[in-house]
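The values are calculated or read from the model by the stated rules, or taken from the named source; none is laboratory data. Since the structure is predicted, the reported quantities are computational estimates derived from the model, not experimental observations. So basically every Cβ, Gly included, is an ideal-geometry build from the backbone, and we count neighbours across all protein chains shown. The protein model used for the area step is the full one, side chains on, heavy atoms only, and it has no ligands, DNA or RNA in it. Shrake-Rupley method; radii C 1.70, N 1.55, O 1.52, S 1.80 Å.
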Amino acid sequence: MVPYTERLTGDLSPALACIAMAVDMLTGEGDRESTRPCLSAVDHGGSGHCCRAVTLDYAVDDCGDRPPVCVFWICRRYVPPRSIQSMRVLVVEDEPYLAEAIRDGLRLEAIAADIAGDGDTAMELLSINTYDIAVLDRDIPGPSGDEIAESIVASGTGMPILMLTAADRLDDKASGFELGADDYLTKPFALRELALRLRALDRRRVYNRPPVREVVGLRVDPFRREVYRDGRYVALTRKQFAVLEVLVAAEGGVISAEELLERAWDNNADPFTNAVRITVSALRKRLGQPWLIATVPGVGYRIDAGT
(Lines give C-alpha, C1' and ligand atoms only; values in the text may rest on other atoms or scores of the structure.)
Protein backbone atom coordinates (compact mmCIF):
# COMPACT_ATOMS: atom_id res chain seq x y z
CA MET A 1 0.00 0.00 0.00
CA VAL A 2 1.34 3.42 -0.98
CA PRO A 3 0.02 6.44 0.90
CA TYR A 4 -1.14 9.70 -0.58
CA THR A 5 -2.29 12.44 1.77
CA GLU A 6 -4.60 15.21 0.65
CA ARG A 7 -6.96 17.63 2.36
CA LEU A 8 -10.50 16.44 1.67
CA THR A 9 -11.96 19.66 0.40
CA GLY A 10 -13.57 19.94 -3.01
CA ASP A 11 -13.39 17.46 -5.85
CA LEU A 12 -10.85 14.66 -5.52
CA SER A 13 -10.76 13.95 -9.25
CA PRO A 14 -7.46 15.79 -9.88
CA ALA A 15 -5.83 13.95 -6.98
CA LEU A 16 -7.16 10.61 -8.21
CA ALA A 17 -5.83 11.28 -11.69
CA CYS A 18 -2.37 11.97 -10.29
CA ILE A 19 -2.55 8.83 -8.18
CA ALA A 20 -3.55 6.74 -11.19
CA MET A 21 -0.48 7.87 -13.06
CA ALA A 22 1.70 7.14 -10.03
CA VAL A 23 0.19 3.66 -9.74
CA ASP A 24 1.02 2.98 -13.36
CA MET A 25 4.64 3.92 -12.77
CA LEU A 26 5.00 2.08 -9.47
CA THR A 27 3.26 -1.14 -10.45
CA GLY A 28 4.11 -1.30 -14.12
CA GLU A 29 0.51 -2.21 -14.89
CA GLY A 30 0.12 0.83 -17.10
CA ASP A 31 2.51 -0.76 -19.62
CA ARG A 32 0.01 -3.48 -20.42
CA GLU A 33 -2.48 -2.59 -23.10
CA SER A 34 -4.96 -5.17 -21.81
CA THR A 35 -5.39 -3.49 -18.44
CA ARG A 36 -7.21 -0.28 -17.71
CA PRO A 37 -6.74 0.85 -14.09
CA CYS A 38 -9.73 2.64 -12.59
CA LEU A 39 -9.56 4.41 -9.23
CA SER A 40 -12.52 4.90 -6.92
CA ALA A 41 -12.86 6.43 -3.45
CA VAL A 42 -14.95 5.27 -0.50
CA ASP A 43 -15.40 7.45 2.59
CA HIS A 44 -14.49 6.16 6.04
CA GLY A 45 -15.31 8.12 9.18
CA GLY A 46 -13.16 8.17 12.27
CA SER A 47 -12.35 10.11 15.40
CA GLY A 48 -10.07 13.03 14.67
CA HIS A 49 -9.68 12.35 10.96
CA CYS A 50 -11.51 11.47 7.77
CA CYS A 51 -10.25 8.92 5.27
CA ARG A 52 -11.10 7.67 1.84
CA ALA A 53 -9.86 4.27 0.74
CA VAL A 54 -8.79 4.47 -2.88
CA THR A 55 -9.08 1.16 -4.70
CA LEU A 56 -7.52 0.11 -7.97
CA ASP A 57 -9.87 -1.91 -10.20
CA TYR A 58 -8.71 -3.48 -13.46
CA ALA A 59 -10.95 -4.15 -16.43
CA VAL A 60 -9.15 -6.99 -18.18
CA ASP A 61 -10.05 -7.87 -21.76
CA ASP A 62 -9.05 -11.50 -21.94
CA CYS A 63 -7.54 -12.57 -18.65
CA GLY A 64 -10.63 -12.67 -16.47
CA ASP A 65 -11.63 -10.44 -13.58
CA ARG A 66 -9.22 -9.43 -10.87
CA PRO A 67 -10.40 -8.25 -7.45
CA PRO A 68 -9.94 -4.55 -6.70
CA VAL A 69 -6.90 -3.75 -4.60
CA CYS A 70 -6.69 -0.96 -2.04
CA VAL A 71 -3.55 0.94 -2.98
CA PHE A 72 -3.88 4.31 -1.28
CA TRP A 73 -5.39 5.90 1.78
CA ILE A 74 -6.20 9.55 1.23
CA CYS A 75 -6.45 11.02 4.70
CA ARG A 76 -7.07 14.37 6.27
CA ARG A 77 -5.23 14.51 9.56
CA TYR A 78 -5.16 17.28 12.09
CA VAL A 79 -1.88 19.12 12.04
CA PRO A 80 0.18 18.00 15.07
CA PRO A 81 0.43 20.45 17.96
CA ARG A 82 3.08 23.10 17.65
CA SER A 83 4.80 21.56 20.68
CA ILE A 84 6.12 18.89 18.32
CA GLN A 85 9.50 20.10 17.09
CA SER A 86 9.46 20.71 13.34
CA MET A 87 12.25 19.60 11.07
CA ARG A 88 13.37 20.14 7.49
CA VAL A 89 14.21 17.20 5.27
CA LEU A 90 15.39 16.74 1.70
CA VAL A 91 13.40 14.17 -0.28
CA VAL A 92 15.25 12.85 -3.33
CA GLU A 93 12.66 11.07 -5.49
CA ASP A 94 12.44 11.04 -9.28
CA GLU A 95 8.74 10.13 -9.51
CA PRO A 96 7.11 13.59 -9.30
CA TYR A 97 3.67 12.46 -8.15
CA LEU A 98 5.06 10.30 -5.38
CA ALA A 99 7.49 13.05 -4.34
CA GLU A 100 4.67 15.59 -4.09
CA ALA A 101 2.53 13.14 -2.13
CA ILE A 102 5.37 12.60 0.35
CA ARG A 103 5.96 16.34 0.68
CA ASP A 104 2.28 17.11 1.27
CA GLY A 105 1.88 14.26 3.73
CA LEU A 106 4.95 15.22 5.75
CA ARG A 107 3.74 18.80 5.86
CA LEU A 108 0.67 17.58 7.77
CA GLU A 109 3.07 15.97 10.26
CA ALA A 110 4.84 19.34 10.79
CA ILE A 111 7.83 18.19 8.73
CA ALA A 112 8.99 20.57 6.01
CA ALA A 113 10.31 18.82 2.90
CA ASP A 114 12.18 20.05 -0.16
CA ILE A 115 12.05 17.87 -3.29
CA ALA A 116 14.90 16.98 -5.63
CA GLY A 117 13.98 14.97 -8.73
CA ASP A 118 17.54 14.07 -9.68
CA GLY A 119 20.99 13.77 -8.20
CA ASP A 120 22.31 17.08 -9.53
CA THR A 121 19.44 19.02 -7.96
CA ALA A 122 19.93 17.15 -4.69
CA MET A 123 23.63 18.02 -4.55
CA GLU A 124 22.85 21.67 -5.29
CA LEU A 125 20.22 21.89 -2.54
CA LEU A 126 22.55 20.21 -0.06
CA SER A 127 25.23 22.79 -0.84
CA ILE A 128 22.83 25.70 -0.29
CA ASN A 129 20.51 24.63 2.54
CA THR A 130 20.87 22.95 5.91
CA TYR A 131 18.70 19.85 6.35
CA ASP A 132 18.01 17.74 9.39
CA ILE A 133 17.63 14.48 7.43
CA ALA A 134 18.07 13.30 3.83
CA VAL A 135 15.53 10.86 2.36
CA LEU A 136 17.13 9.18 -0.65
CA ASP A 137 15.82 7.04 -3.47
CA ARG A 138 18.76 5.01 -4.79
CA ASP A 139 17.86 4.77 -8.48
CA ILE A 140 17.64 8.36 -9.74
CA PRO A 141 19.00 10.32 -12.73
CA GLY A 142 22.39 11.96 -12.38
CA PRO A 143 24.44 11.11 -9.30
CA SER A 144 22.70 8.12 -7.71
CA GLY A 145 21.29 8.01 -4.22
CA ASP A 146 24.32 5.95 -3.23
CA GLU A 147 26.68 8.68 -4.46
CA ILE A 148 24.70 11.34 -2.60
CA ALA A 149 24.88 9.25 0.59
CA GLU A 150 28.65 8.94 0.21
CA SER A 151 28.93 12.71 -0.27
CA ILE A 152 26.87 13.40 2.87
CA VAL A 153 28.99 11.02 4.93
CA ALA A 154 32.22 12.51 3.57
CA SER A 155 31.07 16.03 4.45
CA GLY A 156 31.24 15.16 8.14
CA THR A 157 28.00 16.96 8.97
CA GLY A 158 26.51 13.89 10.61
CA MET A 159 23.24 14.37 8.72
CA PRO A 160 21.10 11.21 9.12
CA ILE A 161 20.19 9.36 5.92
CA LEU A 162 17.00 7.39 5.32
CA MET A 163 16.94 5.35 2.11
CA LEU A 164 13.45 5.09 0.64
CA THR A 165 13.65 2.70 -2.27
CA ALA A 166 12.12 -0.24 -4.09
CA ALA A 167 15.36 -2.21 -3.69
CA ASP A 168 14.13 -4.62 -1.01
CA ARG A 169 16.58 -7.53 -1.08
CA LEU A 170 18.74 -8.17 1.96
CA ASP A 171 21.88 -7.47 -0.08
CA ASP A 172 20.41 -4.11 -1.14
CA LYS A 173 19.72 -3.17 2.47
CA ALA A 174 23.19 -4.30 3.58
CA SER A 175 24.90 -2.20 0.90
CA GLY A 176 22.74 0.79 1.84
CA PHE A 177 23.75 0.62 5.48
CA GLU A 178 27.40 0.14 4.49
CA LEU A 179 27.21 3.35 2.47
CA GLY A 180 26.13 5.22 5.60
CA ALA A 181 22.34 4.97 5.72
CA ASP A 182 20.89 5.29 9.22
CA ASP A 183 17.54 3.76 8.26
CA TYR A 184 16.08 1.89 5.30
CA LEU A 185 12.42 1.82 4.21
CA THR A 186 11.22 -0.08 1.15
CA LYS A 187 8.40 0.75 -1.25
CA PRO A 188 5.46 0.40 -1.00
CA PHE A 189 5.33 2.08 2.38
CA ALA A 190 2.95 3.79 4.80
CA LEU A 191 3.44 7.54 5.08
CA ARG A 192 2.78 7.40 8.80
CA GLU A 193 5.68 4.96 9.19
CA LEU A 194 7.96 7.27 7.24
CA ALA A 195 7.06 10.17 9.53
CA LEU A 196 7.67 8.05 12.65
CA ARG A 197 11.07 6.94 11.36
CA LEU A 198 12.03 10.54 10.61
CA ARG A 199 11.03 11.57 14.13
CA ALA A 200 13.14 8.76 15.59
CA LEU A 201 16.17 9.78 13.51
CA ASP A 202 15.72 13.39 14.57
CA ARG A 203 15.66 12.41 18.26
CA ARG A 204 18.91 10.48 17.86
CA ARG A 205 20.46 13.40 15.98
CA VAL A 206 19.64 15.78 18.84
CA TYR A 207 21.02 13.39 21.45
CA ASN A 208 24.26 12.97 19.47
CA ARG A 209 24.78 16.60 18.59
CA PRO A 210 28.43 17.62 18.18
CA PRO A 211 30.04 19.38 21.14
CA VAL A 212 30.27 23.15 21.40
CA ARG A 213 33.92 24.21 21.08
CA GLU A 214 35.36 27.21 22.89
CA VAL A 215 38.83 28.68 22.48
CA VAL A 216 40.26 32.12 23.35
CA GLY A 217 36.85 33.77 23.58
CA LEU A 218 35.55 32.03 20.47
CA ARG A 219 32.45 29.83 20.79
CA VAL A 220 31.50 27.56 17.87
CA ASP A 221 28.24 25.60 18.01
CA PRO A 222 28.19 23.10 15.08
CA PHE A 223 24.65 21.97 15.87
CA ARG A 224 23.08 25.43 15.73
CA ARG A 225 25.74 26.65 13.30
CA GLU A 226 26.37 29.71 15.45
CA VAL A 227 29.61 31.56 16.26
CA TYR A 228 30.25 34.02 19.09
CA ARG A 229 33.38 36.10 19.73
CA ASP A 230 33.57 37.40 23.28
CA GLY A 231 29.80 37.07 23.55
CA ARG A 232 29.16 38.86 20.24
CA TYR A 233 27.31 36.93 17.54
CA VAL A 234 29.32 36.63 14.32
CA ALA A 235 27.37 36.05 11.10
CA LEU A 236 29.27 33.74 8.75
CA THR A 237 28.63 32.33 5.32
CA ARG A 238 28.32 28.58 4.90
CA LYS A 239 31.90 28.22 3.60
CA GLN A 240 33.33 30.50 6.29
CA PHE A 241 31.67 28.42 9.00
CA ALA A 242 32.96 25.18 7.45
CA VAL A 243 36.52 26.51 7.35
CA LEU A 244 36.34 27.79 10.94
CA GLU A 245 34.91 24.48 12.15
CA VAL A 246 37.84 22.56 10.64
CA LEU A 247 40.41 24.95 12.12
CA VAL A 248 38.87 24.93 15.61
CA ALA A 249 38.59 21.12 15.62
CA ALA A 250 42.33 20.93 14.92
CA GLU A 251 42.94 22.50 18.38
CA GLY A 252 45.83 24.69 17.25
CA GLY A 253 47.18 22.27 14.66
CA VAL A 254 48.10 23.54 11.22
CA ILE A 255 45.66 22.76 8.41
CA SER A 256 46.91 23.07 4.85
CA ALA A 257 44.99 24.90 2.15
CA GLU A 258 44.64 21.60 0.29
CA GLU A 259 43.03 19.95 3.31
CA LEU A 260 40.65 22.87 3.81
CA LEU A 261 39.68 22.66 0.15
CA GLU A 262 39.02 18.95 0.51
CA ARG A 263 36.96 19.22 3.69
CA ALA A 264 35.04 22.47 3.20
CA TRP A 265 34.42 22.35 -0.56
CA ASP A 266 32.98 19.67 -2.81
CA ASN A 267 34.83 17.31 -5.13
CA ASN A 268 34.35 19.63 -8.09
CA ALA A 269 36.46 22.41 -6.59
CA ASP A 270 39.42 23.52 -8.68
CA PRO A 271 42.61 22.44 -6.85
CA PHE A 272 44.36 25.57 -8.18
CA THR A 273 41.71 27.97 -6.94
CA ASN A 274 42.46 30.78 -4.50
CA ALA A 275 39.06 30.32 -2.84
CA VAL A 276 40.66 29.10 0.39
CA ARG A 277 42.85 32.18 0.74
CA ILE A 278 39.94 34.51 -0.01
CA THR A 279 37.60 32.71 2.43
CA VAL A 280 40.17 32.67 5.25
CA SER A 281 40.87 36.38 4.72
CA ALA A 282 37.15 37.22 4.87
CA LEU A 283 36.68 34.95 7.89
CA ARG A 284 39.55 36.62 9.72
CA LYS A 285 37.93 40.04 9.19
CA ARG A 286 34.51 38.77 10.30
CA LEU A 287 35.95 37.48 13.58
CA GLY A 288 37.68 40.82 14.20
CA GLN A 289 40.82 41.79 16.09
CA PRO A 290 42.92 40.53 17.67
CA TRP A 291 43.30 38.11 14.76
CA LEU A 292 42.49 34.51 15.66
CA ILE A 293 43.58 32.80 12.46
CA ALA A 294 47.32 32.72 11.92
CA THR A 295 49.00 31.96 8.60
CA VAL A 296 51.94 29.56 8.68
CA PRO A 297 53.89 30.50 5.52
CA GLY A 298 54.20 27.64 3.07
CA VAL A 299 52.21 25.29 5.33
CA GLY A 300 48.66 26.45 6.05
CA TYR A 301 46.51 28.01 8.76
CA ARG A 302 45.80 27.50 12.45
CA ILE A 303 43.87 29.00 15.36
CA ASP A 304 46.34 31.13 17.34
CA ALA A 305 45.47 30.50 20.98
CA GLY A 306 48.29 32.75 22.13
CA THR A 307 46.65 35.99 21.02
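Each peptide in 233-243, 295-305 receives the mean, over its residues, of other Cβ atoms within 10 Å, and ordering these scores from highest gives 233-243, 295-305.
Each 10 Å bin, from zero up to the one with the longest distance, holds this percent of the alpha carbon pairs of segment 163-263: 12, 29, 25, 22, 10, 1. Solvent-accessible area of segment 137-210 (1.4 angstrom probe, protein heavy atoms only): carbon and sulfur portion equals 51 percent.
Surface exposure of segment 93-162, expressed per residue as accessible area with a 1.4 Å probe, stands at 39 Å². Report the net charge of residues surrounding LEU198, where surrounding means a beta-carbon distance below 9 angstrom and charges are Lys +1, Arg +1, Asp -1, Glu -1. Neighbourhood net charge equals -2. A dipole drawn for segment 88-161 from +1 and -1 charges on Cβ atoms has a positive end, and of ALA99, GLY117, ALA134 the residue lying farthest that way is ALA134.
On a straight-distance basis, which lysines could pair with LYS187 in a cross-link, Cα separation under 23 angstrom, same-chain partners fewer than 8 positions away excluded? Within reach: LYS173. Towards the positive end of the charge dipole of segment 94-226, with charges on Cβ (+1 Lys, Arg; -1 Asp, Glu), say which of ALA174, MET159, SER144 has the farthest Cα. Of ALA174, MET159, SER144, it is MET159. Each peptide in 88-98, 248-258 gets a packing score, the mean of other Cβ atoms within 10 Å over its residues, and the list from highest to lowest is 88-98, 248-258.
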